[in-house]
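The values are calculated or read from the model by the stated rules, or taken from the named source; none is laboratory data. In this text, all values refer to a predicted model and were calculated from it rather than measured experimentally. Cβ: placed from backbone, ideal geometry, glycine included. Neighbour counts: every protein chain shown.
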Amino acid sequence: MLSDYAPLLLLLALAAAFVVGNLVISEVLGRPKPGVGKKTVYECGMPIRGTARARFSVHYYLLALLFILFDVEAAFLLPWAAHAEELGKAGLVAMGGFAVVLVVGLLYVMRKKALEWDR
Amino acid sequence: MNLLREELSWITPELCLTLFACVALLVDLFVQKGRESVMVGFFSLMGLLATAFFLYRQYGVTPPAQPVFGCMVVDPFSTLFKLFAVGALAFVVLFTMLSRQTRPDGYGEFYFILLCAGLGAFFLASTYNLLLMYLGLELLSIASYILAGYAKGNRRSGEAAMKYVIFGAVASGVMLYGFTLLYGMTGSIDLTVIGPKLRDQFALDHGTIPISVATGLCLAGFAYKISAAPFHFWTPDVYEGAPTPVTTFLAVASKGAGFAALLRFLQAGFIPDRTLGGPEAMMGYSDKLGTLVAVLAALTMTLGNLAALGQTNLKRMLAYSSIAHAGYVLMGVATMNREGFSSVLFYLVVYYFMNLGAFGVVMYYANTTGDEQIDDLKGLGWRSPLVAITMVAFLVALVGLPPTAGFIGKWFLFTAAVKKGFLWLAVVAGINSAISLFYYFRVARAMWLRPEEEAKYATVHASPAFAALLLVLAVGTVWFGVGFDSLLRYCDYSQNLLR
Amino acid sequence: MIANHLLTWITFIPLLGMLAILLAPATQKALIRGLAVVATAIPLGLSLYLWLTWGAVNGGSAQLQYVERVPWIQAGNFLVQYFVGVDGLSMPLVALTCLLMFIGVFASWNIERGMKGYFALLLLLEVGINGTFVSLDIFLFYVFWEVMLLPMYFLIGIWGGPRKEYAAIKFFLYTLAGSVLMLVAIVALYLITGTFAIASYTEGGQNMPGLLELARTKQITGANLVAGGVLMGVSFQDWMFWFFFIAFAIKVPIFPFHTWLPDAHVEAPTPISVILAGILLKLGGYGMFRIGFPIAPESFEKFRTLLAVLGTINIVYGAYVAMGQTDFKKLVAYSSVSHMGYVLLGAAAMTDWGVKGAVLQMFNHGTSSAMLFLIVGVIYDRAHHRELNGFGGLVTQMPYYGGLTTLGFFAALGLPGLAGFISEALTLLGSFKTYPTLTVISCLGVVMTAAFLLFAFQRVFQGPLNPKYAKLPDISGREVFCQAPFAFLCVLFGVLPTLILDILNPAVKQFLLLFPA
C-alpha cells in the first residue's frame, strides 16, 4: 500500500537532486567574477534609487487595502453581468444583496474619513 | 426566483443576523455622539431576539436533506447550537452595555464584529461542507482576533490579539491542509460524500495512514478552537488580555461552536452507521480515534487543572478552568456514540450558564475595582452578598457538586465514558474534579472567609440590571441541577446526528 | 397530609426556614433567631411523633415506614426517584439530627457576625443531613450527601478559629475525594443494574428489585460492564466495596483517613463541632450499613477481618492520641475517633449483638459527644482558651458545670448505668465471638478512654483553683438547656436501653439477612 507512494518519493528525490546538483556543479565548474552589477540588489532590471527602508504614509496601506477590498467585487460582479439575462430576477436580487453589503461597508469607510488623504 | 426564496428561507436566522449587524454598524455612524453605546447595543439585542425567533420557528421543522444548494444543514443539532450562540451573544452584549472596560468610542464596530463572530459560529455549526466550515471558522476566528485586541492601548490586550492571530493562523492552516488531504482522497468537500467514500476505502483495507494524517491535521484545528491540549497555549494569555465580555464570548460561544463542528465532522466521516454496519476496519478506526480523543481529554483536563492551581489572576484562573472543562467535554466526544454526544450537548448548555455567570462576576469585580486578583476579592462577600452568593453557585457548579447543573452535566459525561469502557478516564476526571475544588474555592475563600474589615474595596452595589442577569444565570445553574429532565430530553432530541 | 408526607416535611421545613431567613432583613436579629428556632423545632416535633408512634405503626416489623416515592427525573430509561423512607436504622438518627439541630440553634445564640448567613447555612445543613438519612434512591442520597459539604465548609471557614481556612478546605477536600470515588461507583452500579433505587418497590403490581436486593441475589457482578467482572485483576465487587468504603470511612473517620477531623473540630465553632461529632460522623457509619456493606456482601465477607483490625486501630489509636492532648477540644475530637471505632468493629463482627451495639453506639456517641463539645464550648466562651493545663479547681467555682461535666465524661467513658456502656458492652460482647483477640485489644481502649477523660477532669476541675478564673460565672440557663436533653438521653438509654433496642432489633435482623450466612 505504501508502495503506491513510491513515485512521489522518487519525484521528491529527483527534485532535490536537481537543486543540489546544480548548486554543486556551478560551485565546482564556475569561477567567481564579482562586479558592481552583480553585487547590487536585483529589481526587475531597473537601477536602484534610494533605500528600501523608506517610510510610506500609513494611509497608503489603508487605501491599498480598501482598493483591493472593493476591487475584488468585480470578480463577482463580472460573471454575473455576463449571464445576467439567464439568471434573471433571482440573480439580480442575489447580487443586489451582495452590493448592499458592500455599500454599507463603503458608507462606513467614508463616514470614518478613511478615504481622505489629508485630515 | 422561487427557488432562491425557498432555499434562502432556510437561512433566515443567518440573514437576519447579517441584516442587524449592518444595521448596528449604520446606527453607529449616524446616531449622535455619546448615545451610540445604548442605541447600538439595543439594536444588536433586537437582532439577536429576531434571530432567536426565527431559530425557534425552525426548530423541529424537517427541512430537505441539505438546503441552500447543499451547503447548509438545518437540523435540531445545529439549531440548538445556534440558540446557544445567540443566548451567549445576548449576554455578552448586555455585559458590554453594562461594562465600562471597553473603549468609550467605537461601540458600533464592537457589536458589529461580535455579531459577525456569531454568524461565523452559525455557519460552523450547521454545515457538512468543509469549505463552508472553514469559512465559518475563519469568520469566527478573525472576528475574535479583532475583539481580543479591542482594548486599544492596553498592552496585554494587544499581546492577546497578536498571540491569538499567530496561533489561529497556524492552526487553521493545518486544518485546511487536513481538509485538502480529505478532498484529495475522496474528491469531495461534502462530508456526507466523504463519509461513504472513506467507508469504501476502509473496505479496501489499504491501511489507515493517509486517513490518519488527514484526521490528525483536522483534529488539530478543532482542538485549537476548543482549546484542548496540546493546542491550548493561547488560551490563558488571550483570556486574560482580552476585554472581559470578549473573554466570555470566547469561552462560551466560540468553544461551543468548535465542539459543534467537531461532533459533526466526526459523525459524518468517522463513525460507521451501526445500523448499516460499516466495514470492520472502520469500526476499529473509530474506536482508535475515540481512544485518542480520550487520551487528549485526560491530558487536557489534567493540564488545565494543574495550571489553574497556581493562578492568582481570576481571569487567568478561569481560562485554565475552561481548558479543564474542554477536557471534561471531550470525554463525551471520546465515546463516539449517541449517548456520549448527547452528554456533550447537555454539558455545553450547563457550561453556558455557569461560565457566563462566573465571567459576569469577574466583570462586575473588574468594573468596580479595576482589579482582577483573586486575593483582592477578600471581604467581597460581606460587601456585595448577592454577587458573591451567585458566584458561589457558579463555582459549585464548575466543581461539579450537586445540587447544581454542573453535577448533572458531569454525571452524564461520566456515565457515557464508563459505559464505553473508559473507566480509567472517569477516575481521572473524578480526581481532577476534586483538585479543581481547591482553586475554585480559593475564590469563595477570599470572598467569604476573610472578614469584612480586610476588604480592599468599598462596596459598589451591582446595578439592578446586572444583578438580575447574574440571578438569572444562577437560577439556571441551580434549576438545571434539580429539574433537568426537560433539558435532558431536549438535548437528546437535538442529538440527531447519530441514531 | 402531614402524616402522609412526614419525612418530606421533616427534611424540607428547614429549607423553607432558610429561605425565610434569607428574605428577612439582616438587622432583625431576633426575628432571624426566632425563624431558626421555629424551622428546627417543627422537624424536632415531627421526629418525636415519628419515634413515639413507631411501635404502634409498624408493630415491630423491619419494613420501611413512611415511604414516599415519586419520579423526580424521568427521561427515557433514566429514572431518578424521590424515594424516601425510614426503618429502625435511620429513624433514631433522623430524630437525633432534629434534636441536635434544635440545640445547635440555641448553642449559636452568641453568634453575632453574619448571623443571617450562619443560620441559613445551618438550616441548609439540616436539609442535607436528614435528606441523606431518609433517601432510598442512591442518586438522591448522593445529592443530599454533597449538599452537606458546602454549608459545612462555610460554617467552619467563616465562623471558625484561627486556622479555619486550612481546616475548612481540608474537610472539604477529604470528603470530596471520597465522594468522587462513591460517584464513580454509583455510575457503574447504574450502568450494571439500570436502577437507582436502594430498596425494592412495587410499580404497577410488578416488583422492582432495588440495589440491595440485586446484590443479595448476586446479580451485581459487573460482567456486563467489564469483561468477566474483573478489572485489573480485582473483582468488580471489590472495587465497588472499596470505593464506597473509602467514601464512608473518610466521613466516620476511620484510620488512616481521620486526619481532617481534629483540625475541623478544633477550628469549628462550638455548635458546629457538636453537629459534626454528633451527626456528620454517623453519616459515614450509616452509609456503610445502608449501602457500603450490603452492596458488596461477598467482598465484605472477604475483607471484614481487615475492617475489624481498622476498627480496633481506631479505638486504641484514637484513645492513645487523646491521652497526649493538652487542647481540651482536640482531646474530645480524638475521643470521637476512638468511639467511632466501635461502630466498625461491631459491624465487622457480623453478629446480632455486634451490629446492634454498633448501631446503638452511633446514636449514643451522638448524644455523649455532643455533650462533651458543649462542655468544651462553655469553658472556651468564658476563658477564651482550651489549654487543659491552664485550668484547675473549677469545680468549686462552677459546681453545676462540674456536675454536668462529670455526667458527660462518665457517659463517654462507658460507665454502667449510662448509655455509652450499653453500646460498648454490646459491641465488645458481639465481636468477641468472631474476633476474640481484637476484642481484647479493644478493651484496652476502654481503659485508656477512662484514663484520658478522668485525667482531663482532674486537670480542669480539681486541684487548686487557678486565681485567673476565680470569678468565672457558672453555667448559664441557656447552656444547661442545651445540655439537658443529651444528659437526659444518656441516662435514659443507660437505664432503659430497651426503649431504643426494640426499634433497632428488627432493623438489625433485616440487615443481617442481606448477607449470605
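Residue-by-condition table, conditions (1) of a type in the set (S, T, N, Q); (2) touching a Leu at 6+ places or on another chain (Cβ under 6 Å); (3) within 30 Å of B:Arg5 (Cα to Cα):
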residue: A:Leu14; (1), (2), (3): no, no, no
residue: A:Ile25; (1), (2), (3): no, no, no
residue: A:Val36; (1), (2), (3): no, no, no
residue: A:Ile48; (1), (2), (3): no, no, no
residue: A:Thr51; (1), (2), (3): yes, no, no
residue: A:Ala54; (1), (2), (3): no, no, no
residue: A:Leu66; (1), (2), (3): no, no, no
residue: A:Leu102; (1), (2), (3): no, no, yes
residue: A:Asp118; (1), (2), (3): no, no, no
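Results for (1) assigned to a loop (DSSP other than H, G, I, E, B); (2) in contact with a Leu (Cβ under 9 Å, 6 or more places away or on another chain); (3) within 20 Å of C:Gly318 (Cβ to Cβ), shown as yes or no for each residue.
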residue: C:Ser442; (1), (2), (3): no, yes, yes
residue: C:Gly445; (1), (2), (3): no, no, yes
residue: C:Ala450; (1), (2), (3): no, yes, yes
residue: C:Ile475; (1), (2), (3): yes, yes, no
residue: C:Gln483; (1), (2), (3): no, yes, no
residue: C:Leu501; (1), (2), (3): no, yes, no
residue: C:Val508; (1), (2), (3): no, yes, no
residue: C:Leu512; (1), (2), (3): no, no, no
Show the residue pairs meeting these rules: Cβ distance below 7 Å; 6+ apart or different chains; first residue within segment C:73-90 and of a type in the set (A, V, I, L, M); second residue modelled with pLDDT of 85 or more and in a loop (DSSP other than H, G, I, E, B).
C:Val80/C:Phe196; C:Val84/C:Leu136
Exactly one condition in (1) modelled with pLDDT under 90; (2) under 23 Å from the mean Cα position of the chain (by Cα); (3) over 15 Å from C:Val359 (Cα atoms) is false for C:Pro467; which is it?
(2)
Would you confirm whether any residue within segment C:76-83 is under 18 Å from C:Thr202 (Cα atoms), within 13 Å of chain B (Cβ to nearest Cβ) and modelled with pLDDT under 85?
yes
Evaluation of B:Val475 against (1) more than 13 Å from every other protein chain (Cβ to nearest Cβ); (2) crowded, with 19+ Cβ neighbours inside 10 Å; (3) part of a helix (DSSP H, G or I) (one fails), failing number
(2)
Quick one: C:Met91 ticks every box in (1) within 13 Å of chain B (Cβ to nearest Cβ); (2) crowded, with 24+ Cβ neighbours inside 10 Å bar one, so which box is it?
(1)
For B:Ala358, the lone unmet condition from (1) free of Cβ contacts under 8 Å to residues at least 60 places away in the same chain; (2) surrounded by fewer than 24 Cβ atoms within 10 Å (Cβ to Cβ); (3) under 28 Å from B:Leu470 (Cβ atoms) is (2)
Tally up the residues in segment A:100-117 that are under 20 Å from B:Glu14 (Cα atoms), touching a residue at least 12 places away in the same chain (Cβ under 8 Å) and more than 9 Å from chain B (Cβ to nearest Cβ), please.
1
Condition check: more than 30 Å from B:Ile211 (Cα to Cα) and either hydroxyl-bearing (Ser, Thr, Tyr) or surrounded by 10 or more Cβ atoms within 10 Å (Cβ to Cβ) (or both). Does A:Leu23 satisfy that?
yes
Of all the residues that make up segment C:180-196, how many are over 18 Å from C:Phe293 (Cβ atoms), more than 9 Å from chain B (Cβ to nearest Cβ) and of a type outside the set (Val, Ile, Thr)?
2
Residue selected from segment B:311-335 under the condition out of contact with any strand residue (DSSP E or B) (no Cβ under 7 Å at 6 or more places or on another chain) and assigned to a loop (DSSP other than H, G, I, E, B), by the criterion nearest to B:Glu372 (Cα to Cα)
B:Gln311
Checking the conditions here, which among C:Gly341, C:Gly311, C:Gly318, C:Gly377 is touching a helix residue (DSSP H, G or I) at 6+ places or on another chain (Cβ under 8 Å), assigned to a helix (DSSP H, G or I) and within 22 Å of C:Val480 (Cβ to Cβ)?
C:Gly377
Of B:Ile146, B:Ile211, the only residue that is surrounded by 18 or more Cβ atoms within 10 Å (Cβ to Cβ) and within 14 Å of chain A (Cβ to nearest Cβ) is B:Ile211
Criterion violated by A:Val41 - all others in (1) at negative phi; (2) not in a loop (DSSP other than H, G, I, E, B) satisfied
(2)
Scan segment C:206-234 for residues that are exposed (fewer than 12 other Cβ atoms within 10 Å of the Cβ), of a type in the set (Gly, Ala, Ser) and within 12 Å of another protein chain (Cβ to nearest Cβ) and report the count.
1
Among the residues of segment C:140-172 satisfying the criterion of being at the interface with chain B (Cβ under 8 Å from one of its Cβ atoms) and in contact (Cβ under 8 Å) with a residue 60 or more places away in the chain, which is farthest from B:Ala426 (Cα to Cα)?
C:Lys164
Exception for C:Asn110 within (1) under 24 Å from B:Gly379 (Cβ atoms); (2) crowded, with 23+ Cβ neighbours inside 10 Å; (3) of a type outside the set (Gly, Ala, Ser) falls at (2)
Could you list all residues from segment B:449-466 that are assigned to a helix (DSSP H, G or I) and either within 14 Å of chain C (Cβ to nearest Cβ) or surrounded by 17 or more Cβ atoms within 10 Å (Cβ to Cβ) (or both)?
B:Leu449, B:Glu452, B:Glu453, B:Glu454, B:Phe466
Considering only segment C:207-283, give the helices (runs of 4 or more DSSP H) lying wholly within it that have at least 1 residues that are under 16 Å from C:Ser299 (Cα atoms).
C:211-216, C:236-251
Can you name the condition, by its number, that C:Val226 falls short on among (1) touching a Leu at 6+ places or on another chain (Cβ under 8 Å); (2) in the same structural domain as C:Ala347 (by TED's automatic domain parsing)?
(2)
Identify, by number, the condition in (1) buried (at least 22 other Cβ atoms within 10 Å of the Cβ); (2) outside any helix (DSSP H, G or I); (3) of a type outside the set (A, V, I, L, M, F, W, C) that C:Gln325 doesn't meet.
(1)
Just to be sure before I move on: is C:Thr305 surrounded by fewer than 24 Cβ atoms within 10 Å (Cβ to Cβ), touching a strand residue (DSSP E or B) at 6+ places or on another chain (Cβ under 7 Å) and in contact (Cβ under 8 Å) with a residue 24 or more places away in the chain in the structure I sent?
no
Based on this model, can you work out whether B:Ala446 counts as more than 30 Å from C:Ile192 (Cα to Cα), within 11 Å of chain C (Cβ to nearest Cβ), at pLDDT 85 or above and touching a helix residue (DSSP H, G or I) at 6+ places or on another chain (Cβ under 6 Å)?
yes
Sole residue being among the aliphatic types (A, V, I, L, M) and farther than 30 Å from B:Asp375 by Cα, chosen from B:Ala253, B:Ala261
B:Ala261
Any idea which of (1) over 30 Å from C:Phe106 (Cβ atoms); (2) away from chain B (no Cβ under 12 Å); (3) surrounded by 18 or more Cβ atoms within 10 Å (Cβ to Cβ) is the one C:Glu203 doesn't satisfy?
(3)
Can you find even one residue in segment C:158-169 that is within 30 Å of B:Trp424 (Cα to Cα), assigned by TED's automatic domain parsing to the domain that holds C:Ala264 and not acidic (Asp, Glu)?
yes
